[in-house]
1. Return the pair list, or none, for Cβ contacts closer than 6 Å from residues in the range 104-116 that are at negative phi and without any contact (Cβ under 8 Å) to a residue 60 or more places away in the chain to residues that are surrounded by fewer than 19 Cβ atoms within 10 Å (Cβ to Cβ) and in a loop (DSSP other than H, G, I, E, B), at least 6 apart or on different chains.
2. Taking residue 3 as the residue in question, decide whether it is over 25 Å from residue 95 (Cα atoms) and either in contact (Cβ under 8 Å) with a residue 12 or more places away in the chain or in contact with a strand residue (DSSP E or B) (Cβ under 8 Å, 6 or more places away or on another chain) (or both).
3. Of all residues in the range 6-27, which are touching a helix residue (DSSP H, G or I) at 6+ places or on another chain (Cβ under 8 Å) and over 20 Å from residue 65 (Cβ atoms)?
4. Looking at the range 70-81, is at least one residue modelled with pLDDT under 95 and crowded, with 16+ Cβ neighbours inside 10 Å?
5. Tell me whether the range 82-102 contains one or more residues that are surrounded by fewer than 15 Cβ atoms within 10 Å (Cβ to Cβ) and closer than 15 Å to residue 124 by Cα.
6. Can you list the strands (runs of 3 or more DSSP E) lying wholly within the range 1-101 that have 3 or more residues being within 15 Å of the chain's Cα centre (by Cα) and more than 20 Å from residue 114 (Cα to Cα)?
7. Considering the range 114-128 alone, what residues qualify as being surrounded by fewer than 16 Cβ atoms within 10 Å (Cβ to Cβ) and part of a helix (DSSP H, G or I)?
8. Residues 54, 30: which one is out of contact with any helix residue (DSSP H, G or I) (no Cβ under 6 Å at 6 or more places or on another chain), under 20 Å from residue 6 (Cβ atoms) and buried (at least 16 other Cβ atoms within 10 Å of the Cβ)?
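The values are calculated or read from the model by the stated rules, or taken from the named source; none is laboratory data. Please read these numbers as outputs of a predicted model, since none were measured by experiment. Backbone-built Cβ (ideal geometry, glycine too); neighbour counts: all protein chains shown.
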């Protein structure tokens, strides 16, 4: 039996994210997976998460926050010479539920996917958009994390 393709893993990630399934999303990652966000800035996302359980805990925090993703589209998917590594151009759109403010953000993501599980996920997102939304959320007294 062959492993799921990168496209199918990314489609599953999209489905789980849009449905707020923090546990299902965490289970898509390998037990020793790493998430890195080199440009995290003050967006509330840690620059690095290590291990599925840390990813699960963070995913639950995001799901409980007032940020709601409504669209999550992969614009381009590039296969590298390493069959485990893909590069994704993606756009996410959502709403801050406490104010109704809409936001949109784009990012470049580099993923290592092995045997249908994400082993490494690097998110090169522009933190300014989410920092503005988070600043608005915290200014009205709501705790908020990055989606």
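1. Once the first residue is at negative phi and without any contact (Cβ under 8 Å) to a residue 60 or more places away in the chain and sits in the range 104-116, its partners that are surrounded by fewer than 19 Cβ atoms within 10 Å (Cβ to Cβ) and in a loop (DSSP other than H, G, I, E, B) give 112/84.
2. Yes: the conditions hold for residue 3.
3. The answer is 27, and nothing else.
4. Yes, the conditions are met somewhere in the range 70-81.
5. Yes.
6. Passing ranges, in order: 67-79, 85-96.
7. Result: 128, single match.
8. Exactly one of 54, 30 is out of contact with any helix residue (DSSP H, G or I) (no Cβ under 6 Å at 6 or more places or on another chain), under 20 Å from residue 6 (Cβ atoms) and buried (at least 16 other Cβ atoms within 10 Å of the Cβ), namely 30.
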